[in-house]
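Beneath this line is the structure, given in structure tokens, with notes to follow.
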Amino acid sequence: MSGSTTCPGCGLELPASGWLWDPRRNASPECWRLFGEVQGFELRHLELVRDYHQLAVDAYQAQHAPRDHREVRPIGVAYALVGLHLALDRGVPGVEVRAAHQRMGKPDASWPRLEVPERTGTVTVFDVAAAGTMAGSVSGHAEAVRGWAAAVWRAWAPRHAAVASLTDRLLG
Ligand SMILES: [Zn+2]
């Protein structure tokens, strides 16, 4: 294989691997694989699992929200955005964010349409991998995930009010 792929979700360019694209995912297979490595690093460090895993999952999902969802309501995106809102605006710990996702229940027609912004942040999972697993640094990983999640959440600024009100309505 030669050349590179560009991730449709985050814009990350990586050497082409020849792996198959998963049409259900708005991500290149190389970007998705790199996220898998980042999660693997988290799983080897208890404090990262506890404090950063949920934030990383929500950041990845919000950054890779499918752009063309005229027919399909982007279900996972609402969970990811509520997660980022809880963690970054309200200081809710990762374990509680996970519990909140479960309390949100199933989406219905009353949930707002959350139109995807033109760009979903300039920080990517590559920055997290470079600072964390590639450098063998737990603190580098933690700091990079915080910066990554904050950049993704900032990119969604036009939807912050809708996400906050959905959070209030579902979680009280
Ligand atoms: Zn990507």
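Annotations for the structure displayed:
- Checked against (1) surrounded by 14 or more Cβ atoms within 10 Å (Cβ to Cβ); (2) under 18 Å from Trp148 (Cβ atoms); (3) out of contact with any helix residue (DSSP H, G or I) (no Cβ under 6 Å at 6 or more places or on another chain), Ala16 meets all criteria but (2).
- Of all residues making up the stretch 9-33, the number that are near the ligand (Cβ under 8 Å from one of its atoms) and either over 20 Å from Trp153 (Cβ atoms) or among the hydrophobic types (A, V, I, L, M, F, W, C) (or both): 6
- Residue-level check: of (1) loosely packed, with under 13 Cβ neighbours inside 10 Å; (2) among the aliphatic types (A, V, I, L, M); (3) over 22 Å from Leu12 (Cβ atoms); (4) at pLDDT 95 or above, Ala157 misses just (3).
- Among the residues of the stretch 21-39, those that are under 21 Å from Gly83 (Cα atoms) and of a type in the set (Gly, Ala, Ser) comprise Ala27, Gly36.
- Some residue of the stretch 55-78 being assigned to a loop (DSSP other than H, G, I, E, B), hydrophobic (A, V, I, L, M, F, W, C) and at negative phi: yes
- Per-region count, the stretch 142-155, residues touching a helix residue (DSSP H, G or I) at 6+ places or on another chain (Cβ under 6 Å) and over 15 Å from Gly94 (Cα atoms): 4
- Matching option when the condition is of a type in the set (D, E, K, R), closer than 18 Å to Ala164 by Cβ and more than 16 Å from the ligand (Cβ to nearest atom), among Glu96, Glu42: Glu96
- Selected residue [touching a Lys or Arg at 6+ places or on another chain (Cβ under 9 Å), surrounded by 20 or more Cβ atoms within 10 Å (Cβ to Cβ) and assigned to a helix (DSSP H, G or I)] from Leu81, Leu86: Leu81
The values are calculated or read from the model by the stated rules, or taken from the named source; none is laboratory data. What you see is a predicted model, and the numbers here were worked out from it, not measured in a lab. Every residue, glycine among them, receives a Cβ derived from its backbone with ideal geometry; neighbour counts consider all protein chains shown.
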